[in-house]
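Down below is the structure, laid out as structure tokens.
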Amino acid sequence: MVDNGNSYGERVSRLVGWGHWFAFFNIIAAMLIGTRYITHSPWPETLLGQFYLALSWVGHFGFLVFALYLLVLFPLTFVIPSRKLFRLVSVCFATVGLTVLLIDTQAYRTINLHLTPVVWEVLFSEEASTIKTDRNYLFTVIPLIFLLQLALSEWVWRKQRRLSHKHVGRPITAVFFVSFIASHLVYVWADAYFYNPITAQRANFPLSYPMTAKSFMEKHGLLDREEYLKRQAESENQIDLVSYPLEKIEFNRRANPLNILVISVNNLRADMLTRELMPNAYQMSENGLTFNNHYSSSNDSYGAFGLFYGLPSSYSSSIKVQATKPVLISTLENQGYQFGLFSGDNFDEKLYSETIFRGMKFTGVAFDNSESADSQTVKAWAEWAGKEAKKPWFSFIELTTVETFSEYSMEGGSMEESIVAGYKKSIGQVDGVIGQLNLQLKDLELLDNTVIVLTSNHGAEFNETKTNSWGSNSNYSRYQLQVPMVIQWPGKVAANYHHRTSHLDFSVTLLQELLGVSSNPSDFSSGKNLFDERGRKWILAGDARELALITSKDTTVIDKFGNYKLYDNQYKRLPDQNPALPVLAQGLTELQRFYTKSN
């Protein structure tokens with residue numbers, strides 16, 4: 001119904017004035033809801049960081065709400081002639097906007113991400129039981145917001161002339177405008193000079209895209225490129241903190257002080273552990289506990305990170321900066337274990353010296369050309385073990401022959417046949433070293449008091465997925481992830497296990513079964529006990545950028561922004577299908593679960 005008694009121009013003029021004040025009070029409402037982002041984000045340690053937080057809080061929500069008003073409601077002022085209808089539309093629009101903002105704060109609190117189509121699906125999936133209860137309050141909040149918006153609409157309509165006569169509109173607008181511009185200018189400076197208390201706030205608020213201008217500053221002499229690159233290198237150590245473990249480790253079980261020997265045959269895929277290719281290793285599997293469906297936690301060398309820490313590789317950078325030892329290693333130290341660390345390349349991979357075994361003594365080997373480096377490594381280990389009087393001990397032997405399998409490639413046949421033949425030949429070489437190691441264990445009479453573990457850091461692919469993938473670190477197919485896990489455990493009867501297990505389970509198993517830890521595994525790991533045969537919906541793998549969730553039917557690869565790709569069990573892309581939402585929800589949660597929420 002069209003209003004009577006006023007000209008079109010008068011109605012539009014009054015609706016425009018009403019709309020400005022209605023938008024202002026909704027800015028205040030959005031800012032109040034926005035405090036939830038602040039309470040669930042690290043508090044800036046510096047005064048400048050806190051000043052920027054206040055500026056961006058005022059400026060961002062002021063701009064966001066007023067921009068939506070200008071883009072949506074302001075044009076409708078000229079289209080909808082009825083005052084009541086326009087105000088009703090505005091109330092409905094404001095209710096939807098504040099509700100979406102409230103849902104976004106819930107997503108940020110739960111999985112540390114802002115709303116995207118994927119995150120929206122996760123939050124509102126009927127299967128996502130872990131956060132279902134958190135969204136039930138919306139059924140109460142939405143009607144309440146609507147009623148408050150109706151009351152606000154009526155109050156502003158009645159008080160509009162009095163509000164206009166106070167002449168506070170322009171000063172208020174200036175505050176929001178100056179805050180918005182100033183926050184972006186401050187961020188420009190912080191981004192150029194790597195000022196972490198400000199740059200760490202980049203993604204605190206939804207739809208926040210702070211301005212950067214490094215090229216402009218350099219062009220006009222405001223930024224020295226050499227100093228910028230120097231600061232960039234220094235800033236690599238400014239990283240999110242990890243709470244690991246989440247709770248203090250509890251010991252309510254009796255420890256069993258057996259020796260522990262971990263043998264990692266790097267680059268060894270699980271299907272190579274056969275009687276024909278690796279008779280010595282196969283004999284170990286027949287006499288021990290064999291996990292036939294075991295996955296590394298990464299498709300690169302960081303599988304060793306998951307083995308010892310029980311965490312996805314995405315946490316490795318923070319763990320490295322914090323210099324936090326694996327719970328497994330620190331527990332062994334506290335229980336008086338001695339350490340013997342040996343490698344066929346003297347731990348050329350910095351992951352060991354800078355993270356896993358940081359600050360610990362390696363036993364270096366002076367290699368010569370008389371025999372393989374792995375063989376010399378085993379001899380050095382045997383010499384150490386024979387002299388090691390103090391018990392118990394933990395020892396790690398890294399065998400690297402299979403990593404250099406290209407040196408064993410054979411002439412003749414196709415390139416693929418040559419590469420595979422070289423790989424199998426290198427496996428035969430390392431199996432001979434394993435046989436040598438078995439003899440040393442017998443001679444030193446260690447078989448009855450030592451837990452012996454045979455595994456690998458990752459597997460290798462020879463283009464089985466038909467994606468031109470060779471070796472490792474190119475996809476999350478079973479060829480690059482499935483590795484042996486064989487354990488000879490004194491007192492345990494030899495057995496074959498076929499449930500899916502992971503490197504993330506290894507440290508949990510030793511801590512619970514051997515070292516007396518009674519804490520919940522979720523307090524210090526993303527895995528569970530290897531001997532827990534209850535079905536699991538997924539297992540985790542990944543690197544610093546991505547997380548792969550592997551089920552019996554498919555593999556979901558998620559990046560840190562919540563984007564995903566789905567593959568079938570042959571690692572063929574499924575572009576038109578969506579992953580199971582509970583799997584997606586858990587993956588997004590696991591990427592963030594160990595990061596601390598406050599500085």
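Subtracting the Cα-Cα distance of R253 and S474 from 0.36 nm times their residue separation leaves 75.4 nm of extension gain.
The residue among L64, V175, G435 whose Cα reaches farthest toward the positive pole of the charge dipole of the chain, with charges on the beta-carbon of Lys, Arg, Asp and Glu, is V175. For the chain, the share of accessible area belonging to carbon and sulfur comes to 55 percent (1.4 Å probe, ligands and nucleic acids excluded).
With both bridge residues required to lie in the chain, what share of the DSSP beta bridges run antiparallel, to the nearest 5%? Of the beta bridges lying entirely in the chain, close to 55 percent run antiparallel.
In degrees, nearest 10, range 0 to 90: what is the angle between the Cα axis of helix 47-68 and the longest Cα principal axis of the chain? Its long axis makes an angle of about 60 degrees. Once the 1.4 Å probe is applied to the protein heavy atoms, the chain comes out at 48 Å² accessible per residue.
Ignoring everything except DSSP H segments at least 4 long, calculate the 222 nm mean residue ellipticity for the chain; use -39,500 (n - 2.57) per segment, divide by total residues, nearest 500. Don't jump to the answer; show the numbers that get you there.
Working: 20 runs with 270 residues, N = 599.
Result for the chain: -14500 deg cm²/dmol, rounded to the nearest 500.
Residues whose amide H falls under 5 Å from that of E461, counting only those 5 or more places apart or on a different chain, are G471, S472, with hydrogens built in the peptide plane.
The string of couplings for region 320-329 from the Karplus curve (6.51, -1.76, 1.60, θ = phi - 60°) is 5, 5, 6, 6, 8, 6, x, 4, 4, 5 Hz, one whole number per residue in order, with x for Gly and Pro. Quick one: go through region 436-466 and flag any residue whose amide nitrogen is under 20 Å from the point 7 Å out along the Cα-to-Cβ line of S418. Under cut-off, by backbone N: 461-464.
The R545 and N369 beta-carbon pair, evaluated with R₀ = 51 Å, returns a calculated FRET efficiency of approximately 0.80.
What does the convex hull of the Cα atoms of the chain come to per residue, in Å³, rounded to a whole number?
Numbers: hull volume 124.0 nm³, N = 599.
Here the figure is 207 Å³ per residue.
Spin-label model, L70 to Q322: label points 7 Å out along the Cα-to-beta-carbon direction sit 4.3 nm apart.
In plain terms, the chain from K537 to M360 could stretch by 60.0 nm, reckoned as 0.36 nm per residue minus the Cα-Cα distance. Relative intensity of region 165-216 on a log10 scale, I(q)/I(0) at q = 0.30 Å⁻¹, equals -1.15, per a Debye sum over C-alpha point scatterers of equal strength in the absence of solvent.
Enter the Cα centre distance for the pair region 525-565 and region 148-212, rounded to the nearest angstrom. Region 525-565 and region 148-212 have Cα centres spaced 40 Å from each other.
If you average 1/r over all unlike Cα pairs in region 24-109 and invert the result, what Kirkwood radius do you get in angstrom? The partial results should precede the final answer.
Values: mean 1/r = 0.0696 Å⁻¹.
For region 24-109, inverting the mean 1/r across all distinct Cα pairs yields 14.4 Å.
A Förster radius of 51 Å combined with the Cβ-Cβ distance from D576 to V175 puts the calculated FRET efficiency at roughly 0.55. The label point for V79 and the one for K553, both projected 7 Å from the Cα toward the Cβ, are 4.2 nm apart.
For the residue pairs K325/K379; K325/K350; K528/K565; K379/K492, alpha carbon separations beyond 18 Å are given by K325/K379; K528/K565; K379/K492. The Cα atoms of region 255-339 cover 45, 32, 19 Å along the three principal axes, with the biggest extent listed first.
The values are calculated or read from the model by the stated rules, or taken from the named source; none is laboratory data. Computed from a predicted model, the values in this text were never measured in an experiment. Please note: Cβ atoms are built from the backbone with ideal geometry, for glycine as well, and neighbour counts cover all protein chains shown. The accessibility values were calculated without ligands, DNA or RNA, using every heavy atom of the protein model including side chains. Shrake-Rupley method; radii C 1.70, N 1.55, O 1.52, S 1.80 Å.
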